[in-house]
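Report on the following structure.
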Amino acid sequence: MTQREWDEFLLMSFYRRPFLSMNHAADLKGVAGLLRAPKKPHHEFVSVSRFICGYLPKLADILWQKKEKDIPAILDMLEKSKYDTRLVDPKEVSDSREKTASKRKFRSSVYSVAADMAANERLARRAWNVCKP
């Protein structure tokens with residue numbers, strides 16, 4: 001598969017079948033050395049639109065502004081470009097940071113509740129010993 005064929009496949013899939021998974025959409029073994037192709041193993045399990053929006057954001061902005069009839073012009077622009085896939089999606093980084101922060105917050109709240117319960121238990125036993133006849 002040539003670079004132009006791969007770019008055309010991405011653009012057509014973005015407009016016609018955006019929710020198709022990348023591994024069902026194309027033979028990804030033939031695109032290993034091409035620009036704008038999946039670089040990491042988990043890239044092949046996302047949809048075509050998610051791949052473009054997450055790992056090719058400049059191209060996604062152009063595709064949202066243009067229509068399907070503008071594909072030949074976009075292909076000519078991409079042919080001259082060296083624009084390639086980002087290896088890390090910033091959304092994944094922020095999601096993982098947010099998830100880690102929420103886990104820490106949850107753990108600290110669980111530990112504080114457990115500490116409060118233990119303290120109440122200790123104090124309740126002490127109070128009983130004091131009041132016992």
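Between the amide H of Arg36 and those of Thr85, distances stay under 5 Å, these residues lying 5 or more places away or on another chain, with hydrogens modeled in the peptide plane. Listed by chain and number, the lysines placed with their C-alpha closer than 22 angstrom to that of Lys103 are Lys91; residues fewer than eight positions away on the same chain are left out. Among the lysines of segment 26-72, pairs at least eight places apart or on separate chains and with Cα atoms under 27 Å apart come to 9. Charge tally for Lys105 (other residues, Cβ to Cβ under 12 Å; Lys, Arg +1; Asp, Glu -1): +3.
Quick note: the coordinates plus some simple rules give every number you see, no bench work behind them. These numbers come from a predicted model, not from an experiment. Don't worry about glycine lacking a Cβ; one is built from the backbone with ideal geometry, like all the others, and counts go over all protein chains shown.
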